[in-house]
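The values are calculated or read from the model by the stated rules, or taken from the named source; none is laboratory data. From a predicted model like this one, the values you see are computed outputs, not experimental measurements. Virtual Cβ from ideal backbone geometry, glycine too; neighbours counted across all protein chains shown. In case anyone asks, the SASA skips ligands and DNA or RNA and just uses the protein heavy atoms, side chains included. Shrake-Rupley method; radii C 1.70, N 1.55, O 1.52, S 1.80 Å.
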Amino acid sequence: MNYIVQSPLNAREFELYYDLRYRVLRAPWNQARGSEQDASENTSTHAMILEGDLCIACGRLQKTETEGVGQIRFMAVDPQYQGKSLGKRIVHYLEARAKDEQLREIILQSRENAVEFYKALGYEIVEPTFKLFGEIQHYLMRKQLN
Ligand SMILES: CC(C)(COP(=O)(O)OP(=O)(O)OC[C@H]1O[C@@H](n2cnc3c(N)ncnc32)[C@H](O)[C@@H]1OP(=O)(O)O)[C@@H](O)C(=O)NCCC(=O)NCCS
């Protein structure tokens with residue numbers, strides 16, 4: 001299947017995009033609707049893959065306080081579509097947008113279960129950081145963009 005990575009273009013697509021974040025990253029920990037969004041949505045770059053009326057993969061690139069360094073957040077792939085290279089497609093899209101913005105490095109906070117995924121894409125662990133919802137260990141990871 002030739003999936004297309006795109007930015008959400010209208011209110012309906014943003015609804016589907018945030019819904020995937022919520023279903024994968026928040027609902028399993030009984031978090032409230034709305035917790036899948038933050039104050040940086042309007043200033044970030046969004047990537048999604050649509051399959052009919054469902055968002056099946058998504059991720060976000062945001063600026064950091066450090067010049068030239070971007071951060072990837074809210075990476076999620078629908079459980080039925082995981083392991084089919086869609087996450088990789090989203091990261092590659094966001095890295096390309098980061099290069100467009102002259103960023104030289106990407107950092108991210110990886111959940112423990114996603115560390116091997118990011119390693120496969122060239123990211124290295126810097127250090128363990130925080131536990132989300134009191135249980136999900138995170139690791140600061142980084143990658144230099146060429
Ligand atoms: C983590 C996640 C985004 C990865 O997306 P995905 O579409 O399942 O991963 P991909 O199929 O694109 O994998 C890309 C590469 O990483 C590797 N990889 C992925 N998960 C892996 C794992 N758990 N262990 C080892 N390698 C892994 C794949 O083998 C693949 O390598 P290849 O390109 O050489 O074949 C997705 O599984 C997910 O949404 N998980 C739940 C939510 C989550 O944890 N999000 C991350 C928050 S930081």
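Evaluating Leu94 against the criteria (1) out of contact with any Phe, Trp or Tyr (no Cβ under 8 Å at 6 or more places or on another chain); (2) not in a helix (DSSP H, G or I) leaves one unmet condition, (2). Among the residues in region 18-30, are any free of Cβ contacts under 8 Å to residues at least 24 places away in the same chain and closer than 22 Å to Leu140 by Cβ? Checked against the condition, which is being free of Cβ contacts under 8 Å to residues at least 24 places away in the same chain and closer than 22 Å to Leu140 by Cβ, region 18-30 yields at least one hit. Pairs meeting the criteria (first residue in region 67-88 and closer than 20 Å to Leu145 by Cβ, second residue more than 8 Å from the ligand (Cβ to nearest atom) and assigned to a helix (DSSP H, G or I), beta carbons under 7 Å, at least 6 apart or on different chains) are Gly70/Ala98; Ile72/Leu94; Phe74/Arg21. Residues in region 8-33 that are open to solvent by less than 40 Å² (accessible area, probe 1.4 Å) and either more than 16 Å from the ligand (Cβ to nearest atom) or modelled with pLDDT under 95 (or both): Pro8, Glu13.
The residue that is farthest from the chain's Cα centre (by Cα), among those in region 40-77 that are of a type in the set (D, E, K, R), under 16 Å from Glu15 (Cα atoms) and open to solvent by 10 Å² or more (accessible area, probe 1.4 Å), is Asp53.
If the condition is being open to solvent by 30 Å² or more (accessible area, probe 1.4 Å), within 11 Å of the ligand (Cβ to nearest atom) and either assigned to a helix (DSSP H, G or I) or modelled with pLDDT of 95 or more (or both), then region 112-136 contributes Glu112, Asn113, Glu116, Phe117, Lys119, Ala120, Gly122.
Tyr81 satisfies every condition listed in (1) open to solvent by 20 Å² or more (accessible area, probe 1.4 Å); (2) of a type outside the set (S, T, N, Q); (3) under 12 Å from the mean Cα position of the chain (by Cα) except (3). Just to be sure, is Arg21 in a loop (DSSP other than H, G, I, E, B) and of a type in the set (Lys, Arg)? Judged against the criteria, Arg21 is not a match. Taking the numbered list (1) among the basic types (Lys, Arg); (2) more than 9 Å from the ligand (Cβ to nearest atom); (3) surrounded by fewer than 20 Cβ atoms within 10 Å (Cβ to Cβ); (4) not in a helix (DSSP H, G or I) in turn, Lys99 passes all entries but (4).
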